[in-house]
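The values are calculated or read from the model by the stated rules, or taken from the named source; none is laboratory data. Keep in mind that this is a model prediction, so the values were computed, not measured. A quick note on method: Cβ atoms are made from the backbone with ideal geometry, for glycine too, and the neighbour counts reach across all protein chains shown. For accessibility, only protein heavy atoms count, side chains too; no ligands or nucleic acids. Shrake-Rupley method; radii C 1.70, N 1.55, O 1.52, S 1.80 Å.
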Amino acid sequence: MAPTLTSIAEIYYRPLPDLLFEAQRVHRGHHDPLAVQLCTLSSIKTGLCPEDCGYCSQSVHHKTELSPQPLTDVETVMAEARAAKASGSTRFCMGAAWREVKDGPLFDRVLDMVRQVAALDLEVCCTLGMLQPHQAAQLKAAGLTAYNHNLDTSPNYYPEVITTRTYQDRLDTIKAVSSAGISVCCGGIVGMGESMQDRLEFLEALTKLDPAPESIPINSLVPVPGTPLENATPIDSIALVRMIATTRILFPKAMVRLSAGRLEMSEELQALCFLAGANSVFTGPKLLTTSNPEHDHDFEMLERFGMVARER
Ligand code: SAM
Ligand code: DTB
Ligand code: SF4
C-alpha cells in the first residue's frame, strides 16, 4: 500500500540526523554507498516545443536565447554516445522537445539511435514527450532501457506551471511505458515556487505509481532568462537534502538522480545529497540546453569524497 501523506511528512520532518541516518541505512541495504552512476544527456531535437512548461528554455511560448535544432542525425548522436562511454557514463539519455511522439521517419530515426546506443552496451533512456502504447512497444523492441517522463510537481501546483497538458496525460504515458516493459524514470523539479506541501504531495504522487519508478530524477530549477520562472525563489539547501533523503527512504531500490541545478550547488551540498541517498548525476558541460559540471570536475569531486563512478 502506498504511504499516506502524513507518513511522508513524518519522514521528511524528522530531525536531520535521524533522517540522514535512516536514509543511509536504507541506501546501504540496497546500493553500494560509494558508487555514483554517471549519465550523459543529449538534446536530439532542440527548441520550438509547443508545450508551455514554465521552467523550460525550449517552449515556443517563452522568449529565451536558444537556437532551435531539428532532429540530429544518427552519426552525430553516436559520436556523443561513444564519447560519453569513454568518459565514464553508463547511461545515455536522449531528449527531444516534442509534445508527443508522431509515427513516421523522425521516430524511426530515434528508434535507430536507440538500437545503436544499446549496441554500445550503455543503458539507453529517452524523453520524447507523450507516448502511445504502440510507440512504447517499438522503443522496447529497439532496446530502450528506460523512458523519462516527470510528474514534475504536485497535482495541485501542476496547472500553475504547465497549462498545455494535464497530470492525467503524464500518468497515461507513464502507464504506456511500464506496460511495454520499459523501466520508468519519473521525478520532478524543486524550486519552482511550490510550497512544502506541494513537494510532499509530489512525493505522494510518485508513491502511487505502480510499478514504482526505478529511476527518480530530482531537478533543482535552473532559472532560464525569458521563462515565467526566471525569478523563482531557489530551494533552501537543507530542504533539498530532506527531499532526497525522503525519496531514498520511500524508494529503497530506485536510482535517485541529483539532476539539474548542480552548478549552483556547493560540493558540500552535493556531498550531503549523496549521504542522503542520491546515487547518480548527469555529467558533462551541458544538460539539454543549460550548463552543468564538466566530467573532470565531477571525477575530482568524487575522488575527494572517496567515492567512485559506477563501472556498469
Ligand atoms: N519534452 C519532454 C518532456 O517534457 O517530457 C522531455 C524533455 S524535458 C526538458 C525533461 C525534464 O527536464 C522536464 O520534465 C523537467 O523536469 C526537466 N527540466 C526542464 N527544464 C528544466 C530547468 N530549467 N530546470 C530544471 N529541470 C528542468
Ligand atoms: C530530468 O529529469 N532531468 C534531465 C533529464 N530528465 C532529461 C533534464 C534536465 C534539463 C535541464 C534544463 C536544460 O538543460 O534544458
Ligand atoms: Fe517541451 Fe519538455 Fe520543455 Fe515542456 S519540458 S516545453 S514538453 S521540451
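Quick notes on this structure:
- Within region 117-131, residues that are closer than 21 Å to Leu106 by Cβ reach partners that are near ligand 1 (Cβ under 8 Å from one of its atoms) and open to solvent by 30 Å² or more (accessible area, probe 1.4 Å) with beta carbons closer than 7 Å, at six or more positions or on different chains, in the pairs Leu128/Trp98; Gly129/Trp98; Gly129/Arg99; Met130/Arg99.
- Meets criteria (without any contact (Cβ under 8 Å) to a residue 60 or more places away in the chain, charged (D, E, K, R) and open to solvent by 10 Å² or more (accessible area, probe 1.4 Å)) for Arg170: yes
- Any hit, region 214-229, residues being surrounded by 17 or more Cβ atoms within 10 Å (Cβ to Cβ), more than 25 Å from Pro252 (Cβ to Cβ), within 16 Å of ligand 2 (Cβ to nearest atom) and under 16 Å from the mean Cα position of the chain (by Cα): yes
- Out of Ser67, Ser89, one residue alone is open to solvent by 60 Å² or more (accessible area, probe 1.4 Å) and among the hydroxyl-bearing types (Ser, Thr, Tyr). It is Ser67.
- Candidates in region 81-107 are the residues that are in a helix (DSSP H, G or I) and not charged (D, E, K, R); of these, the one that is farthest from the chain's Cα centre (by Cα) is Pro105.
- Checking Thr72, Thr6, Thr40 one by one, the residue that is in a loop (DSSP other than H, G, I, E, B) and either over 23 Å from the mean Cα position of the chain (by Cα) or of a type in the set (Ser, Thr, Tyr) (or both) is Thr72 and no other.
- Unique match (being more than 16 Å from ligand 3 (Cβ to nearest atom), over 21 Å from Ser237 (Cα atoms) and open to solvent by less than 40 Å² (accessible area, probe 1.4 Å)) among Ala309, Ala276: Ala309
- Set Gln132, Gln138: member being of a type in the set (S, T, N, Q) and in contact with a strand residue (DSSP E or B) (Cβ under 9 Å, 6 or more places away or on another chain): Gln132
- Residues that are within 16 Å of ligand 1 (Cβ to nearest atom) and part of a loop (DSSP other than H, G, I, E, B), drawn from region 286-312: Leu287, Leu288, Thr289, Thr290, Asn292, Pro293
- Only a single item in (1) within 14 Å of ligand 2 (Cβ to nearest atom); (2) in a helix (DSSP H, G or I); (3) open to solvent by 60 Å² or more (accessible area, probe 1.4 Å) is not met by Phe202, and it is number (3).
- Filtered by the rule that a residue be surrounded by fewer than 23 Cβ atoms within 10 Å (Cβ to Cβ), of a type in the set (A, V, I, L, M, F, W, C) and assigned to a strand (DSSP E or B), region 108-145 gives a lone residue, Met130.
- Unique residue being within 26 Å of Pro3 (Cβ to Cβ) and out of contact with any His (no Cβ under 7 Å at 6 or more places or on another chain) when the list is Leu302, Leu288, Leu272: Leu272
- In the set Ile235, Ile244, only one residue is out of contact with any His (no Cβ under 9 Å at 6 or more places or on another chain), in a loop (DSSP other than H, G, I, E, B) and either within 14 Å of ligand 2 (Cβ to nearest atom) or among the hydrophobic types (A, V, I, L, M, F, W, C) (or both); that residue is Ile235.
- Positions within region 146-161 being small (Gly, Ala, Ser) and assigned to a helix (DSSP H, G or I), in sequence order: none
- Within region 99-133, the residues that satisfy the criterion of being within 16 Å of ligand 3 (Cβ to nearest atom) and within 16 Å of Leu41 (Cα to Cα) are Val110, Cys125, Cys126, Thr127, Leu128, Gly129.
- In region 70-86, the residues that are of a type in the set (A, V, I, L, M) and either within 23 Å of Val222 (Cα to Cα) or open to solvent by 80 Å² or more (accessible area, probe 1.4 Å) (or both): Ala84, Ala86
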